[in-house]
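The numbers here are math on the coordinates, done by the rules we state, and not lab data. Computed from a predicted model, the values in this text were never measured in an experiment. Here the Cβ positions follow ideal geometry from the backbone for every residue, glycine too, while neighbour counts run over all protein chains shown.
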Amino acid sequence: MRAFLIFLAVLLLAFAGYAYYQDPAGVEKLLNDSSSVVTSLSPVSPHPEAASPIAPLIGEKLISADGSPFTFPANAPVASIQYYAIYYSAQWCPPCHAFTPRLVKWYNAFKPAHPNFELIFVSDDHTEAAMLDYMKEMAMPWPAFPFDDLKHDGTGIEKFAGSGIPDLVLVDASGKVLSDSFQNGTYVGPEAVVEDINRLVGGASPVSLVRQTPSAPASRLVLISAQD
């Protein structure tokens, strides 16, 4: 089933390139549709209503982009983090490649003024090597949950994941979901969560998310759904 879904994604990429050549304006509108989402290939369950503290879920497990252990800075220890943004993403996901650079720029501008906030990457890649390559390629400045500790069963740090990626979820230290890329079963996208982070965490110093710039048709394809 996994192989078939990947084959379908590649087929749709090729079709989008041809469609863009035939009707650039029509495909441009489709590719800019913020409701598009890549369906996750990992089985996950909707996150439970009951909140649980985030700190015990991450412990001292987090790693940096080079694979080394991540250490919270002395002026912002894990105990001081009041808000966590959990970013479910993967190297194989075209929409993730389009959104992640924008999130990196936003984070680099937002994080220094908000030590009570942290973003954690949770990979939906198929191998640890792919996860680390993706982190290095995107120069992710935030920590990530170790690949070997992911169970892909909708528990632990994965319990907040929706049915597709890119997926950004904002929770407080108690594990209460404050903003989600999926709202009432509808995909509103990670941009909406960034707006909520600016509103709920940013206070007097929010940071605008960099607008997406046009790029080649194939790399901008965002409509890949296993449910279609």
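Compute the length gained on full extension between Ser64 and Asn108: take 0.36 nm times their separation in residues and subtract their Cα-Cα distance, giving the result in nm to one decimal. Provide the component values of the computation, followed by the final result.
Numbers: separation 44, 0.36 × 44 = 15.84 nm, distance 1.49 nm.
Residue separation times 0.36 nm, minus the Cα-Cα distance, leaves 14.3 nm.
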field: Hydrodynamic radius of region 64-190 per Kirkwood, over alpha carbon pairs, in Å
entry: 14.9
- request: Please find the FRET efficiency linking Glu195 to Asn116, where r is the Cβ-Cβ separation and R0 is fixed at 25 Å, and quote it to the nearest 0.05.
  value: 0.85
message: Within 9 Å, Cβ to Cβ, of Leu168, how many net charges do the neighbouring residues add up to if Lys/Arg are +1 and Asp/Glu are -1?
response: -3
